[in-house]
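The values are calculated or read from the model by the stated rules, or taken from the named source; none is laboratory data. Since we're looking at a predicted model, the values are computed, not measured. In this analysis, Cβ positions are derived from the backbone assuming ideal geometry, glycine residues included, and neighbour counts consider all displayed protein chains. Just the protein is used for accessible areas: all its heavy atoms, side chains included, with ligands, DNA and RNA removed. Shrake-Rupley method; radii C 1.70, N 1.55, O 1.52, S 1.80 Å.
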Amino acid sequence: MPIVTVHQGPRDVELKRELVRRITDSFVDAYQIPAETVQVWIHEVPTDSWGTAGKLTADQ
């Protein structure tokens, strides 16, 4: 059973639904497995807890 973990900033629930669907479809196509065996975990990190290039994402 594949488990895919996505770390990202906050996103709209509709975007997350689409992401989960596409990731699941990719595994189904690549591995020829049932969709029910694919798990996608989304970990949202607040912008004040994420940094790039020495700056918090919240400050950019």
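Quick notes on this one:
- Residue that is modelled with the highest pLDDT [pool: residues in the stretch 48-60 that are of a type outside the set (Asp, Glu), open to solvent by 70 Å² or more (accessible area, probe 1.4 Å) and touching a strand residue (DSSP E or B) at 6+ places or on another chain (Cβ under 9 Å)]: Ser49
- Leu15 being free of Cβ contacts under 8 Å to residues at least 12 places away in the same chain, among the hydrophobic types (A, V, I, L, M, F, W, C) and assigned to a helix (DSSP H, G or I): yes
- Within the stretch 19-47, being under 25 Å from Ala58 (Cα atoms) and either open to solvent by 100 Å² or more (accessible area, probe 1.4 Å) or in a helix (DSSP H, G or I) (or both) holds for Leu19, Trp41, Thr47.
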